[in-house]
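What follows is a set of notes on a single structure, which appears directly below.
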Amino acid sequence: MRSNTCAATRFYVDSELFLSPWHPFPTAVAAEEARFCELSKKQKSFPTTALLFPNDPPYEWQREGGSLVNPTSLNIDPANGKSGYIIPVLIICVDYQFGGSQATYQTNAVYEVFHEAPPHSRFFADGESLRGSKLHLIRNQTWDESY
């Protein structure tokens with residue numbers, strides 16, 4: 001038995017790999033996060049049922065996804081002036097409910113993706129293939145609402 005904790009009993013995790021334009025990067029990411037998480041809030045079903053308490057081991061969740069690279073998602077790398085680069089940003093929205101309540105709450109997070117190796121560039125060449133261990137994700141707390 002735990003005291004002073006409240007368990008989320010139903011939750012829905014949604015994610016998007018957003019390929020942001022470099023100009024205007026901050027505005028584009030914030031607008032896409034708002035759009036995507038608003039869609040997530042409209043989910044009518046909560047496919048995952050579990051009890052989650054603070055300080056419990058992480059809930060393991062896996063998802064595959066991707067975006068199509070197209071001319072509007074390609075950028076020019078300011079370091080070398082060359083075209084054909086993408087700037088990936090991972091957006092996560094978690095909608096949850098407590099007990100028998102029908103009220104839905106949401107928390108979200110934004111992770112910017114960088115190369116693990118110095119100089120830790122956020123620009124990835126179109127078609128570049130990297131293992132997850134070669135990526136470095138940094139949570140951008142300016143845009144997220146997770147605590």
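The values are calculated or read from the model by the stated rules, or taken from the named source; none is laboratory data. All values derive from a computational prediction rather than experimental measurement. Please note: Cβ atoms are built from the backbone with ideal geometry, for glycine as well, and neighbour counts cover all protein chains shown.
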Practice task
Kindly indicate whether Ile92 is touching a Ser or Thr at 6+ places or on another chain (Cβ under 8 Å) and under 16 Å from Glu33 (Cα atoms).
Solution key: yes
Fill in the blank from the handout: Residues in the range 92-147 that are hydrophobic (A, V, I, L, M, F, W, C), modelled with pLDDT under 85 and under 13 Å from the mean Cα position of the chain (by Cα) total 1
Handout entry: Pro58, sole failed condition from (1) in a loop (DSSP other than H, G, I, E, B); (2) under 23 Å from Ile138 (Cβ atoms); (3) at pLDDT 85 or above
Key = (3)
Exercise for the section: Count, please, the residues in the range 105-135 that happen to be out of contact with any Phe, Trp or Tyr (no Cβ under 9 Å at 6 or more places or on another chain), of a type in the set (D, E, K, R) and surrounded by 17 or more Cβ atoms within 10 Å (Cβ to Cβ). Expected result: 1
